[in-house]
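The values are calculated or read from the model by the stated rules, or taken from the named source; none is laboratory data. From a predicted model like this one, the values you see are computed outputs, not experimental measurements. Note that each Cβ is placed from the backbone with ideal geometry, even for glycine, and that neighbours are counted across all protein chains shown. Accessible surface is based on the protein model in full, side chains and every heavy atom, while ligands, DNA and RNA are left aside. Shrake-Rupley method; radii C 1.70, N 1.55, O 1.52, S 1.80 Å.
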Amino acid sequence: LYEQLLDERLRCNSPEKLADLLQRALHTVREPVTELRVIDLGAGNGMMGEVLKREGVARRVGADIIPEARDAAYRDRSTVYDDYFIEDFTNLNAEVREELCEWRFDCLTCVAALGFGDIPPRAFFNAMKLLRTDGWLAFNIKETFLDHTEQSGFSRLVRELIFSQYLDIYHLELYRHRLSMEGSQLFYYALVGRMTTSIPDDFLEQIGIED
């Protein structure tokens, strides 16, 4: 029902959009998508993971905080993820962090789950810290989150990242995310960037974001 609503009635195309921009960024630097090791944060029932698999991504690991999300992914898309973690990324214990690090992720994806409180800034930041120093980010956010009048923690995090020394932006594009229930167009920004150096552990505190 959820997918029928999003895909067929509301025409959500964000997984395909993010995957396309990521593919284009990799083509720019002549790196194959087939070698990526991706952690898909807020993976839900695997809609983004399915697109990544279709694109030939080597390793795909889902992560969510809701056990039912993993159940749905394994039910509907049993071959999409190589593993699926149900964890609170705001407070990863040492054992789980070590297990995640063993995957040697070089890409983080997150689709339609940022900026609404679903994934707190700390959770997204901790997921970023799992990436290799030159890892890729591919995510989308509502268009208003880049406006300086928006003062939510996640909005500040994204703006600071964009203008920081820690991230090179390859694509930042406004596009139609989906239709609203009333039929009007909802626009999001799609962002694909690459980390340039290790981001400090206290970055959130530096920019005034508290847990």
Run down Leu100, Leu131, Leu161 and say which single residue is open to solvent by less than 10 Å² (accessible area, probe 1.4 Å), at pLDDT 95 or above and not aromatic (Phe, Trp, Tyr).
Leu100
Looking at the stretch 36-48, which of the residues that are touching a Lys or Arg at 6+ places or on another chain (Cβ under 9 Å) and closer than 20 Å to Glu99 by Cα is modelled with the lowest pLDDT?
Ala43
Looking only at residues that are more than 15 Å from Thr197 (Cα to Cα) and open to solvent by 10 Å² or more (accessible area, probe 1.4 Å) in the stretch 134-143, which one is modelled with the highest pLDDT?
Lys142
Output for the stretch 103-123, where each listed residue is at pLDDT below 90, surrounded by fewer than 19 Cβ atoms within 10 Å (Cβ to Cβ) and at positive phi
Gly117
Please find, among Thr90, Thr149, the residue that is of a type in the set (Val, Ile, Thr), within 18 Å of the chain's Cα centre (by Cα), open to solvent by 20 Å² or more (accessible area, probe 1.4 Å) and at pLDDT below 95.
Thr90
Any residue at all in the stretch 1-18 that is open to solvent by less than 40 Å² (accessible area, probe 1.4 Å), at pLDDT 95 or above and assigned to a helix (DSSP H, G or I)?
no
Restricted to the stretch 57-73 and to residues being open to solvent by 30 Å² or more (accessible area, probe 1.4 Å) and among the basic types (Lys, Arg), the residue farthest from Ala127 (Cα to Cα) is Arg70
Just one of the numbered conditions (1) closer than 18 Å to Lys17 by Cα; (2) surrounded by 24 or more Cβ atoms within 10 Å (Cβ to Cβ); (3) of a type outside the set (Gly, Ala, Ser) is not true of Arg54; which one?
(2)
